[in-house]
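Working notes, structure below.
The values are calculated or read from the model by the stated rules, or taken from the named source; none is laboratory data. Quick caveat: nothing in here was measured; it's all calculated off a predicted structure. Backbone-built Cβ (ideal geometry, glycine too); neighbour counts: all protein chains shown. These accessible areas exclude ligands, DNA and RNA; they are computed on the full protein's heavy atoms, side chains included. Shrake-Rupley method; radii C 1.70, N 1.55, O 1.52, S 1.80 Å.
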Amino acid sequence: MNKPRKINIISNKNFESRKTSAILKEKFLKQGFIIPDKYDSNAELNICVGGDGSFLRAVHRNKFPTIPFIGINTGHLGFFQEISPKYLDDFILKYVNKKYTIEEVYLVSAEIFTKTKKYYLTAVNEIVIKGMQSKIIHLDLFIEENHLEKFSGDGIIISTPVGSTAYNLSAGGSIVYPTLKTLQITPLSPLNSKVYRSLISSVVVPGDLIIKIKPEFYYTNSTLILNDGMEFKYDNINYINFKSSDKKIYKLNFDKDIYWNNLKSKFL
C-alpha cells in the first residue's frame, strides 16, 4: 500500500492568502494529496502562502524543518515567495512530475555568551547587533580571534547569502549568490572622524570562520539583537560568536534562472 502523500499549506491571515490557500488545497486534494489541518512533520512539502515575512515566520515557528519549502507570493516583494497565484496549475504539474531541484539554504547561528549563561540564535536572513533605543554602540570585531576593528556606529549586520538581498542590501552591503557558504559583515552607519575609525564597506568571509563581536564594557546591558527582525535582549553580554549554522533549510527550484529573474524584477 502506498504511503499517503501529505503537504503542509502554511498561510498568513490576510484575505488573498487565505483565498489562495483554499484554491491550492482543493487542487492538491484532487491530485490525491492529503492536506493536514495542522503542521505535520511527516509531510513531504511546506507551501508557504504570503510574503517574505510569512516565510520567515513559518521557518522559525516550525524550528527549521528539513521538509523543503516553496512560496506562493501574495505579498509585496516576495523574494522567497517565487510562485505567483496565477500559475498554481503550472506549479502543481511541475511538482507532480518532479520537474524541480532542491536547493540548500545556508543559515547563520549566534552563540551569545553572558556572564552566567550561553544562548543560541539561528537566522535565515541576518542577525543584527545594535544599541538600545537607536543609540551609538561601540563593538570590537574579531575574525578567527584576529582583531579587525573597533566599530562605532549604529550596529553590525551578519547576513547569510539569501539574506544579502534583505536588510543587508538596504544598508549598502553586497549581493552574494545563495549557494555560496559565506557570511557578510555589514556596518550600519559607521562613524569616521578623528576620534572614531570604522570600516565603511561590508566584508564577506567563509561561513566556517568564527566572527566574534564584543561590546565595550558600557554596552554589555544596552545591546539589542535582531534575529530575522525579532528583537532579543540579554543582560551582561560578554561576547557573541557567529558562523554558518549546522542547520539548513531547503527550497524547491523550478527554474535555474529564477534567482537572476528575481533580482531584475524586484530590484531593477
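Entry remark, segment 185-225: residues being among the polar types (S, T, N, Q) and closer than 13 Å to LEU141 by Cβ number 3 in total. Part of a loop (DSSP other than H, G, I, E, B) and either touching a strand residue (DSSP E or B) at 6+ places or on another chain (Cβ under 8 Å) or loosely packed, with under 14 Cβ neighbours inside 10 Å (or both): which single residue out of ASP255, ASP208 fits that description? Exactly one residue qualifies, and that residue is ASP208.
Please go through segment 203-232 and give me each residue that is touching a residue at least 40 places away in the same chain (Cβ under 8 Å) and of a type in the set (S, T, N, Q), ordered by number. Passing the criteria: SER222, THR223, ASN227. Within segment 175-190, residues that are touching a residue at least 40 places away in the same chain (Cβ under 8 Å) have Cβ atoms under 9 Å from residues that are acidic (Asp, Glu) and part of a loop (DSSP other than H, G, I, E, B) in these pairs: LYS181/ASP208; LEU188/ASP154, counting only partners at least 6 apart in sequence or on another chain.
Taking ILE137 as meeting all but one of (1) at pLDDT below 95; (2) in contact with a Lys or Arg (Cβ under 8 Å, 6 or more places away or on another chain); (3) open to solvent by 80 Å² or more (accessible area, probe 1.4 Å), write down the number of the exception. Looking at each condition in turn, ILE137 falls short on (3). Residues satisfying the criterion are present in segment 30-39 (criterion: in contact (Cβ under 8 Å) with a residue 12 or more places away in the chain and either under 22 Å from the mean Cα position of the chain (by Cα) or open to solvent by 80 Å² or more (accessible area, probe 1.4 Å) (or both)). Within segment 71-81, not a single residue is surrounded by fewer than 16 Cβ atoms within 10 Å (Cβ to Cβ), free of Cβ contacts under 8 Å to residues at least 40 places away in the same chain, among the polar types (S, T, N, Q) and not in a strand (DSSP E or B).
Give the residue that is most open to solvent (accessible area, probe 1.4 Å), with candidates limited to residues of segment 82-118 that are out of contact with any helix residue (DSSP H, G or I) (no Cβ under 7 Å at 6 or more places or on another chain) and β-branched (Val, Ile, Thr). Per the stated criteria, the residue is THR116.
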